[in-house]
Amino acid sequence: MKKKLLSIALSMAMVISLTACGSAQEAAPAPAETAAAETTVAAEEPAAEETVAAEPEEDITLTMAWWGSQTRHDRTIEVIEMYEKEHPNVHIEYEYYSFDDYFTKLKTLVASDQVWDVFQLGGNFPQYMDKICFLNEFMASGIVDTTNISDANLKITQDTEGNQIGLSNGLNTYGIAYDPAMFEEAGAKLPADNWTWDDYYEAAETIHEKLGIYGSSAFGSSDFIAGCSTYVAEHGTVGQYSFFNIDLSGMGFDDAQMLTPYIQMRADMIKSGSYPDAGAEAEITDIENDFLVTGEAAMTWVAVNQFPTIYDDCQADGRTLALAPIPKVTADGPDGAVIQSSQMLCVSQDSQHKEAAAAFISWFQNSTDCNNVLQGERGIPVNSEVRAALSATATPGQQIMYDYVDKVSGFKMPDKYNVLSPDGQDQVVDNYRNYIQQVAFGEISAEEAADKTYADATAIFN
Amino acid sequence: MEQKRSVRTGNRLYKFINNENTVGNVFAFPFIFGFICFSLIPMLTSFRYAFTDYSLGTKTAEFAGLKNFIMLLQDEVFLKSLRVTLRYVLISVPMKLIFALLVAFLLTRKSKMVTLYRSLYYIPSLVGGSVAVALVWKQLFARKGLINMILQAQGLKGVNWFGDQKLALLPLILMSVWQFGSSMIIFAAGLKEIPAVYYEAAQIDGANGFQRFFKITLPCLSPIILYNLVMQTISAFMAFTQAFIITEGGPNNSTMLYALYVYNQAFKYNNMGYACAMSWFMLLVMGAITLIIFKTSKFWVFNESDQ
């Protein structure tokens, strides 16, 4: 009896697997056909390149991904739908992530040669160089329109050999967003244009004492940008020092102890409670639930493209934020600030539809309609016409951002600077943040932390 | 003739299908396929990569000899993660097993609700390892989370769970203890197997509840305790989700569980070769600990055939 049951079960399994095969076979011809169609199109293309190339008639599916906050997700999805409506043959499959998850996913896709057709990259692009399809040929053939993008703005997303890596999503720089009302309530000195890290520390301590909130919200991984990249550049004369050297082949400064005062300040702030400890810091998942926005801190570090979003969020609660430059080491020393590309869209080498992807990127930067939706959330548009159109209708938060970037552009900057990160920087950053914790817990001294950070960074180049 | 032959081939086919080896292999095929493709091949590949400087970014793998393993011993974060993980295993596994045994023991009573209760207590294990639960846990133990609100309502001071490096591991341990369901089910099955006559005899001899538990239940259950101990130890070494979601390893790497550091090295820092070496090192550690458990088991596991 048991055997019979078993044989029935087995034959059932066979029947099921057979039907499964059958349906698979039915479905199979479809992809084969499209593959054939693609090859014929590819064969025809050279003959009719000028007319067909930019707008292929076949249905195309592009994949795209980005990182960012909820506002960015909503707006980007809206413009993707807009593009699909304008180009019925193009279908875009999109994915979005937080910053860390985005790069984790990207690394696995790099390993399996399946990087999204259109993908977002920032200053860490050098390690993905193999996967980036340069835009040069598309600019030459006119698929990527750069008429209204100045050479200077093209240059910020070129490599040292002049290859166009992507089109910048916008200009960007860093600043400190703060709530002036909280400063006044606590009696702290408001940030001036040439305020120093000592002023920052004093203000944070005062606010913490008087109001019982964090004086400064957590900088997160930007603590490295503040305490290393910027802090080093603020020493000496303009352009004398940088954390890594210009061509990312070694260090840009010799004295590790240059890092010590910042580490000491940060550890002191964690100890006194004017800066969030690691536990509280882990509660911040993106800029929109930063402690400045939730009212638990009086200031925070921002990339200025994030400012309009949090400005609006706070405005809804009846609070008005302001934007101050990054504090300096000495009031009359270098500013350490640089104008850079916030991030860019790139075409992937793995893409089957590089031209269509390039065309989308061109539209993304050049279409006024598109950017009216995006509202400069990724940074100040590089296309001069788009920028003019957006400034005409700027919200108060955006106006502050525009004015701020104009102000920073007037700062004295080194002739040459490099905002890119070498491969291996992530580990240096994580270790740096951990050393600060160790100083705060009294396990090592700030001097040791500085030496260790310097050693970690040097180890990248060995 | 024709008919006879077809009957014979039919018979042969019938015999083939019903052959126990065929049946066994067919049913084992999904596992064998999965094991080879998703366990064996990746394991062998990772063994090879452990001796290279393979990186997901550059995708080049140059032979590096034992360099990765030598670097391990100089890596502060690695040594710390090893200590943290051992601490996690040493505290969470016994707590979980004691708790599971306790609940299983309470649920052996003959009552109609027992099945319901068992199912209820099993639920945390069903949802336990998920990201969603880790996020809930993060909220519960947050500075202004439920646990601190309860403490404050009792007039106590709120505890900075994830900001204090001595405490941060505790919520993660509690989360793993909370998922005691599968050990509990196995204990419950074991408890059922203990013949009731033992207890009756002991009762007649005047043994009290504690004596019955320590002299009858525990020895009879010891093979099952051994099984649960080994399984839970191994899975505790591989704990990842809680640390990744809730604390990201902080503060001061006090919750940097081994699996999380392997993940960081592999996917965040682009040192896949190094991460593979770490994984194989962990395999050695886990193997050694399991071996110790088995070797010591003859001193405390009761085996009827020995008697």
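The values are calculated or read from the model by the stated rules, or taken from the named source; none is laboratory data. Quick caveat: nothing in here was measured; it's all calculated off a predicted structure. Cβ coordinates were reconstructed from backbone atoms using ideal geometry, including for glycine residues, and neighbour counts include every protein chain displayed. Accessible surface is based on the protein model in full, side chains and every heavy atom, while ligands, DNA and RNA are left aside. Shrake-Rupley method; radii C 1.70, N 1.55, O 1.52, S 1.80 Å.
Starting from residues that are aromatic (Phe, Trp, Tyr) and in a helix (DSSP H, G or I), keep the ones in the range B:121-161 and report whichever is nearest to the other protein chains (Cβ to nearest Cβ).
Residue satisfying both the conditions and the ranking: B:Trp137.
With respect to A:Ala282, determine if the residue is within 14 Å of another protein chain (Cβ to nearest Cβ) and touching a Pro at 6+ places or on another chain (Cβ under 7 Å).
Criteria not met by A:Ala282.
Within the range A:81-117, how many residues are more than 10 Å from every other protein chain (Cβ to nearest Cβ), assigned to a helix (DSSP H, G or I), touching a helix residue (DSSP H, G or I) at 6+ places or on another chain (Cβ under 9 Å) and surrounded by 13 or more Cβ atoms within 10 Å (Cβ to Cβ)?
2
For the range A:239-340, which fully contained helices (runs of 4 or more DSSP H) count at least 3 residues that are open to solvent by less than 10 Å² (accessible area, probe 1.4 Å)?
A:260-272, A:307-316
Could you tell me whether the range B:269-278 includes any residue that is under 30 Å from A:Pro276 (Cα atoms) and either open to solvent by 50 Å² or more (accessible area, probe 1.4 Å) or not in a helix (DSSP H, G or I) (or both)?
Yes; the residues of the range B:269-278 include at least one that is under 30 Å from A:Pro276 (Cα atoms) and either open to solvent by 50 Å² or more (accessible area, probe 1.4 Å) or not in a helix (DSSP H, G or I) (or both).
Within the range A:221-235, is even one residue more than 14 Å from chain B (Cβ to nearest Cβ) and part of a loop (DSSP other than H, G, I, E, B)?
Yes, the range A:221-235 contains a residue that is more than 14 Å from chain B (Cβ to nearest Cβ) and part of a loop (DSSP other than H, G, I, E, B).
Count, please, the residues in the range B:270-284 that happen to be within 14 Å of chain A (Cβ to nearest Cβ), in contact with a Phe, Trp or Tyr (Cβ under 6 Å, 6 or more places away or on another chain) and among the hydrophobic types (A, V, I, L, M, F, W, C).
Residues flagged as within 14 Å of chain A (Cβ to nearest Cβ), in contact with a Phe, Trp or Tyr (Cβ under 6 Å, 6 or more places away or on another chain) and among the hydrophobic types (A, V, I, L, M, F, W, C) within the range B:270-284 amount to 2.
Applying the selection to the range B:229-256, what residues are assigned to a helix (DSSP H, G or I), open to solvent by 20 Å² or more (accessible area, probe 1.4 Å) and either out of contact with any Lys or Arg (no Cβ under 9 Å at 6 or more places or on another chain) or not assigned by TED's automatic domain parsing to the domain that holds B:Gly181 (or both)?
B:Leu229, B:Met231, B:Ile234, B:Ser235, B:Thr241, B:Phe244, listed by residue number.
For the range A:335-349, check the following and say yes or no: at least one residue is over 20 Å from the mean Cα position of the chain (by Cα) and farther than 23 Å from A:Ala177 by Cα.
Yes - at least one qualifying residue is present in the range A:335-349.
What single numbered condition from (1) more than 14 Å from every other protein chain (Cβ to nearest Cβ); (2) over 12 Å from B:Leu97 (Cα atoms); (3) open to solvent by less than 50 Å² (accessible area, probe 1.4 Å) fails to hold for B:Ile224?
Among (1) more than 14 Å from every other protein chain (Cβ to nearest Cβ); (2) over 12 Å from B:Leu97 (Cα atoms); (3) open to solvent by less than 50 Å² (accessible area, probe 1.4 Å), B:Ile224 violates only (2).
What helices (runs of 4 or more DSSP H), lying completely within the range B:170-220, carry at least 2 residues that are within 31 Å of the chain's Cα centre (by Cα) and under 21 Å from B:Arg118 (Cβ atoms)?
In the range B:170-220, the matching helices (runs of 4 or more DSSP H) lie at B:181-193.
Condition check ((1) under 30 Å from A:Ala357 (Cβ atoms); (2) open to solvent by 10 Å² or more (accessible area, probe 1.4 Å)) across all residues:
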site	(1), (2)
A:Ser150	yes, yes
A:Lys155	yes, yes
A:Leu167	yes, no
A:Ala181	no, yes
A:Gly187	no, yes
A:Leu190	no, yes
A:Asp199	no, yes
A:Glu209	no, yes
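Are any of the residues in the range A:131-152 within 14 Å of chain B (Cβ to nearest Cβ), in a strand (DSSP E or B) and of a type outside the set (S, T, N, Q)?
yes
List the residue pairs whose Cβ atoms are under 8 Å apart, where the first residue sits in the range A:445-462 and is within 26 Å of A:Gln127 (Cβ to Cβ), the second is acidic (Asp, Glu) and open to solvent by 50 Å² or more (accessible area, probe 1.4 Å), and the two are 6 or more positions apart or on different chains.
Matching pairs, first to second residue: A:Ile460/A:Asp423.
From (1) over 20 Å from A:Pro422 (Cα atoms); (2) away from every other protein chain (no Cβ under 14 Å); (3) aliphatic (A, V, I, L, M), pick out the condition that doesn't hold for A:Ile156.
Unmet condition: (1).
Assuming B:Glu2 fulfils every condition listed in (1) of a type in the set (D, E, K, R); (2) at pLDDT below 90; (3) within 30 Å of B:Gln265 (Cα to Cα) apart from one, which condition is it?
Result: B:Glu2 passes all but (3).
Hey, among the residues in the range A:119-130 that are part of a helix (DSSP H, G or I), within 11 Å of chain B (Cβ to nearest Cβ) and open to solvent by less than 50 Å² (accessible area, probe 1.4 Å), which one's nearest to B:Tyr269 (Cα to Cα)? Write out each step before concluding.
To start, the set of residues in the range A:119-130 that are part of a helix (DSSP H, G or I) comprises A:125-130.
Still in the running and within 11 Å of chain B (Cβ to nearest Cβ): A:126-130.
Within this subset, residues satisfying the condition of being open to solvent by less than 50 Å² (accessible area, probe 1.4 Å) are A:126-128.
Numbers: A:Pro126: 14, A:Gln127: 11, A:Tyr128: 13 Å.
Ranking the candidates gives A:Gln127 first.
Mind checking which residues of the range A:134-148 are open to solvent by 10 Å² or more (accessible area, probe 1.4 Å) and within 22 Å of the chain's Cα centre (by Cα)?
A:Phe134 - this is the single residue of the range A:134-148 that is open to solvent by 10 Å² or more (accessible area, probe 1.4 Å) and within 22 Å of the chain's Cα centre (by Cα).
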